[in-house]
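The values are calculated or read from the model by the stated rules, or taken from the named source; none is laboratory data. Just so it is clear, the model here is predicted, and its values are computed rather than measured. As a convention, Cβ positions derive from the backbone with ideal geometry for all residues, glycine included, and neighbour counts pool all protein chains shown.
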Amino acid sequence: MTTATASPKAPQRLADRIFSGSSLVAGILILVALAAVAIFLVAQSIPALVADPKELKGEPESFWAYVAPLVFGTMWAAFLALLIALPLSLGIALFISHYAPRRVAQGLGYIIDLLAAVPSVVFGLWGIKVLAPMVVPLYTWLTENLGWLPFFTPPVSGTGRTVLTVAIVLAVMIIPIITSLCREVFLQTPVLHEEAALALGATRWEMIQMAVLPFGRPGIVSAAMLGLGRALGETMVVAMVLSPAVLITFVVTSSQNSPTIAGNIALNFPEAHGIGVNALIATGLILFGITLLINSVARAIVNRRKAFSGAN
């Protein structure tokens, strides 16, 4: 009777041990840094959460009344930016991956990637000096002809510094991020799937609908959420372009707009003191939680369909 002996484990090379150890350390450092940020935000936010609301700026009824317009403005501006950027990004990505000649696609891809490296302050200057005056006639036309809609209720802004202008600038900023990711996902579509659709008589657009878009749906979701996260946390563009007021409004062409959390922190932190600093940090904690929640939802959506796509 013979007994099975376990095969000796192959010795691990020094390079493999160094790589695995450094990868483990890097992963742990990310978790430690995230936990440290969360602990700092929570510890510094507690004084503002338990303080008398009269000590906060504007003397609101409660801390949540103080933060509600900020949360709404942040979500509203980011949503408008994503609404503008996502269709354009998908169109550009599909053009680069499936329509443009190879040389044109390479050049356009380089330009899109370089656009992502432009500093946000440059976009802010462009928004306040060029875009804002340019869109005033458009806003006037929208208010005069579509004023019955709640989004274009009069009066119209005379400077163009509205939440819609901010959303346009934010859309330009996140288009390179979404486009680059979607382009790479579309290029990973199995060639056999595309050729099978074309062999069955589908046009190029029908092939994209049947093979490319379903395959890349998780990647599109990931790209959109990454762009949304950038729009949620953008500071300089909002601080430079937006004309804020403490209110909640869906009007996108008015001179009175809901402020954003990041813009409010940037504008008020230099002169804040005492409990005001804690209040601003508390709003940062809320923004931290919103971003974490959105990324978690996106990850859940991607994980649910990654077995059927290139997301794995």
message: Against the conditions (1) without any contact (Cβ under 8 Å) to a residue 60 or more places away in the chain; (2) in a helix (DSSP H, G or I); (3) small (Gly, Ala, Ser), where does Ala93 fall short? Just the number, please.
response: (1)
- line: Taking the range 231-245 and keeping residues surrounded by fewer than 20 Cβ atoms within 10 Å (Cβ to Cβ) and either not in a helix (DSSP H, G or I) or not aliphatic (A, V, I, L, M) (or both) leaves Gly233, Thr235, Ser243, Ala245
task: Just one of (1) closer than 20 Å to Thr74 by Cα; (2) at pLDDT below 85 trips up Ile168, so point out which.
output: (2)
query: Does the range 277-299 contain at least one residue that is under 30 Å from Leu146 (Cβ atoms) and either in contact (Cβ under 8 Å) with a residue 12 or more places away in the chain or in contact with a helix residue (DSSP H, G or I) (Cβ under 7 Å, 6 or more places away or on another chain) (or both)?
result: no
- line: Screening Leu131, Leu198, Leu228 for residues that are assigned to a helix (DSSP H, G or I), in contact with a helix residue (DSSP H, G or I) (Cβ under 8 Å, 6 or more places away or on another chain), of a type outside the set (Ser, Thr, Tyr) and surrounded by fewer than 17 Cβ atoms within 10 Å (Cβ to Cβ) leaves only Leu198
